[in-house]
Amino acid sequence: MTIGVFDSGVGGLSVHRALVQRLPQADFVYLADQANAPYGGRPGEEIVDLTRAGCERLFEAGASLVVLACNTASAIALRRLQQTWLPGYRKTLGRPVNILGIIVPTIEAATGLPWEHEAERRGDKVEQLDVLGVFSTQGTTNSRVYEIEIDKRKQDLAVFSQPCPDLVPMIEADAGVVELAKAVEGYVQALKTRIGRYPDRAVLGCTHYEIIADIFRAALPAGTPVIHQPASTADSLERYLERHPEYDPGTGGGRVFLTTGQPGPQNGLVQSFWGGPLVFEKA
Ligand code: DGL
């Protein structure tokens, strides 16, 4: 069996890379739904349908687990699919399969607390606030998932989300560094204006942004800690596989890259992040 990694496009490669480093013997199939990217501005029902189709394709390709390496799909579709689709689909398939997201591990890393932790409700005003800036797609920002889930667990961590709607199309279209830096600077300044200062820490809450993490680091004050979503996801997957031996990650070290879009070599920005040629096959 294999591990499936799903994203609307090339962003999930940042997570894939961390997963492969952590589990080099496992077999991986990556699926980019580039025919339908970006997801960030789509209605929720469409995101649910597209994510389900992507997962189905990966399960058909032999995945036992699918990692949604996409914040937008994790925020909007994951719970719905786990509750309403997976139980019946498992029966049809006749084997254990599951879908994991990337928001839980990111919030665990941001709070330093396990997901099961519940904050004591304190009623009184919290004086000492640490401010976490979350850069994400419009869909993830609108879902308020980071605000809601962090508030349940850690009340002295305030979350401000900043939508960056232009970045995914720019990264998918191989935009130049100067153009990307200008866009990122605009989003960082917009967040700063809303908070009244720079955030103390940041999450690149869209996997595409990890491809241009250096540009974000340059736009934030020097030394601002940026929570590394791919590493948190790799930690979490490793622990999950230890607890759930029923999900077989394979042992052949296979690497397959599929796209619903145009097959062939990925763009220059992506290949320079990847550190070499990267060719996608038709899904
Ligand atoms: N990489 C996806 C994410 O993490 C991008 C979603 C999109 O296609 O807008 O949210």
Considering the range 49-66, residues that are hydrophobic (A, V, I, L, M, F, W, C) and surrounded by fewer than 18 Cβ atoms within 10 Å (Cβ to Cβ), and then whichever is nearest to the ligand (Cβ to nearest atom), we arrive at ALA53
key: Residue check for LEU31: closer than 17 Å to LEU237 by Cβ, outside any helix (DSSP H, G or I), in contact with a Pro (Cβ under 9 Å, 6 or more places away or on another chain) and not hydroxyl-bearing (Ser, Thr, Tyr)   = no
Checking GLN128, GLN155 in turn, the sole residue that is part of a loop (DSSP other than H, G, I, E, B), modelled with pLDDT under 95, surrounded by 12 or more Cβ atoms within 10 Å (Cβ to Cβ) and out of contact with any Phe, Trp or Tyr (no Cβ under 8 Å at 6 or more places or on another chain) turns out to be GLN155
Residues in the range 168-221 that are under 22 Å from ALA110 (Cβ atoms) and not in a helix (DSSP H, G or I) total 13
Can you find even one residue in the range 82-90 that is closer than 16 Å to ASP248 by Cβ, among the basic types (Lys, Arg), at pLDDT 95 or above and more than 15 Å from the ligand (Cβ to nearest atom)? yes
Going through (1) in contact (Cβ under 8 Å) with a residue 24 or more places away in the chain; (2) under 19 Å from SER14 (Cα atoms) one by one, ALA283 fails only at (2)
Closer than 15 Å to ASP200 by Cα and either modelled with pLDDT under 95 or within 12 Å of the ligand (Cβ to nearest atom) (or both) - does that describe any residue in the range 131-151?
-> yes
- Message: Can you confirm whether ALA18 is more than 16 Å from the ligand (Cβ to nearest atom), aliphatic (A, V, I, L, M) and either modelled with pLDDT under 95 or within 26 Å of GLY275 (Cβ to Cβ) (or both)?
- Response: no
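The values are calculated or read from the model by the stated rules, or taken from the named source; none is laboratory data. What you see is a predicted model; the values in this text were computed from it and never measured. Positions of Cβ are backbone-derived with ideal geometry, glycine not excepted, and every protein chain shown enters the neighbour counts.
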